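Q: A single structure is presented below for examination.
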Amino acid sequence: MANTSPHSDVKTYQLDEAEHAKIKKQTPDFYVKKREEGYKDKDIAEFMGIPQSKLSTLKNGWGFVGLTFDEIKKQHNKMKRKSNNTKPTPEPASDAKDNENDIEESADDQENINEETAETEHSFETLKNDLKQKIEAKDNEIERLQGEVDRLTTDLKQTQKTLNGCNEHVKFMEHQQEEAENEDQSNQENIINDLRVQIDKLKTDIKELEADREWYQHEADNAYERYKTLSKQQRQAESKAYHAIELIKLM
């Protein structure tokens, strides 16, 4: 609403009560209160009478962007404490009153420090226990996979040994077949046929054993790759835990 002075071209503006009410709601106190009541940013922006984009700008100025609601409440409490500490104190009535106020402020500051220290220690212990559990889980998985690799390697060796034996037996049977073919065909025909049937069966068995060997080799390779991946993840987790602990020690 504009007021124009008859003696000047300067215009002054005065906000109506509705605008004042909207501005009073555009505070971190109002935002935190509505969040505690279960409202979302879209609803809170409507309460404030502003678009959601402007609410995002206000949240950025308050340091709320990217925080969980618990972290927002902590940030809000820090802002309130900082605001209280920067407010001008009234002139003391006496030295005794001064000392009493100083003692109360020191007690409040110490309580806040103790709360922040306790929160930091709790966060540190939680992080340390979480990382410890993850590392133990990775160790157990690596140990299981190592056992699986050892078992598959043993099975592969046994399959290779069986395959070698079959190949030797095939050579022996082929040699017998050659000798039989050099003998009287009329007397050895049945024997040769039997030998050929046995040779064909052995060749089929060899193909099956070779397929088994390839499967065991594939499984062993896969297990070894999982073992390398988990080992890498373990090293990364240990490195992350070390850096996290060092960072917390510096706080």
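Laboratory data are not the source of any read-out in this text; all were calculated from the coordinates shown. The model shown is predicted, which means the values in this text are computed figures rather than measured ones. For neighbour counting, all protein chains shown are included, and Cβ atoms are generated from backbone atoms with ideal geometry for every residue, glycine included.
Q: What whole-number distance in Å separates the alpha-carbon centres of the stretch 23-72 and the stretch 184-229?
A: 73
Q: Then there's this: Residue 167: net charge of surrounding residues, Cβ under 13 Å, Lys/Arg +1, Asp/Glu -1, itself excluded?
A: Working: positive: 161, 171, 203, 207, 213; negative: 168, 174, 205, 210.
Net charge in that neighbourhood comes out at +1.
Q: For the stretch 234-250, in order, what is each residue's ³J(HN,Hα) by Karplus, 6.51 cos²θ - 1.76 cosθ + 1.60 with θ = phi - 60°, in whole Hz (x at glycine and Pro)?
A: Result, ordered by residue: 5, 5, 5, 5, 5, 5, 5, 4, 4, 5, 5, 5, 5, 5, 5, 4, 7 Hz.
Q: For each pair in 73/240; 24/80; 78/134; 40/134, compute the distance between the two Cα atoms and list the pairs where it is over 23 Å.
A: Details: 73/240 28 Å; 24/80 16 Å; 78/134 33 Å; 40/134 34 Å.
The answer is 73/240; 78/134; 40/134.
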